[in-house]
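Asker: There's a structure below that I have some questions on.
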Amino acid sequence: MIDEVPQANRPVLVWDVLPRVGCPVCVLFGDQDRPTVERYRDRLRNALAEHGKDYELHLYSGAGHDFTKGDGPPNDQAAARSGWAVSRVFLERWLS
């Protein structure tokens, strides 16, 4: 989720594909993922709502970027466990 020019490894920007997303979206942000969370959290939430998407947005206090891998500081590990649990419930709800 960036505002850069598309590149070979990132040929399409999130903002350009949101109108075509045809499934619910679950977003997990660590509040220490700077500058991503400050720049894009509200913009993403607003864009999802504007395009009528079913979505959940979760913000994890003290967690940084890529916190769901679970090998960061202790607070990241707790956030990772919570994030995976939220993701599992989200998928079970929408895929069952």
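Asker: Please work out which option in (i) 15, 40, 38, 7; (ii) 11, 21, 17, 15, 16, 17, 2; (iii) 14, 44, 31, 11, 0 gives P(r) over Cα pairs in 10 Å bins from 0, in percent calculated from these coordinates, and answer with its label.
Answerer: (i)
Asker: Could you list 56, 92 in order of exposure, starting from the residue whose Cβ has the fewest other Cβ atoms within 10 Å?
Answerer: 92, 56
Asker: Residue by residue, what Karplus-based ³J(HN,Hα) values in Hz, rounded to whole numbers, does the range 80-88 have, using 6.51, -1.76 and 1.60 with θ = phi - 60° and x for Gly and Pro?
Answerer: Calculated HN-Hα couplings, in order: 4, 4, 5, x, 5, 5, 4, 4, 4 Hz.
Asker: With an 8 Å Cα cut-off and a minimum separation of 6 or more residues, compute the relative contact order for the range 42-96 in percent.
Answerer: Relative contact order here is 20 percent.
Asker: Considering the options 80, 23, 58, tell which one lies farthest towards the positive end of the dipole of the chain, charges being +1 on Lys and Arg and -1 on Asp and Glu at the Cβ, about the Cα centre.
Answerer: After comparing all options, I get 23.
Asker: So what J values fall out for the range 24-32 if you push phi through Karplus, 6.51 cos²θ - 1.76 cosθ + 1.60 with θ = phi - 60°, rounded to Hz, Gly and Pro as x?
Answerer: Working through the residues one at a time gives x, 10, 10, 10, 10, 10, x, 5, 9 Hz.
Asker: Under the 0.36 nm per residue contour assumption, what length would be gained going from the current alpha-carbon distance of residue 84 and residue 17 to full extension?
Answerer: Computed gain between residue 84 and residue 17 is 21.6 nm.
Asker: Sticking with this structure for a sec: Under the rule of at least 5 residues apart or a separate chain, name every residue whose amide H is placed under 5 Å from the amide H of residue 27.
Answerer: Amide H neighbours of residue 27, under 5 Å, 5+ apart: 56, 57, 58.
Quick note: the coordinates plus some simple rules give every number you see, no bench work behind them. Source: prediction; values computed, not measured. Note: ideal-geometry Cβ built from the backbone for every residue, glycine included; neighbour counts use all protein chains shown.
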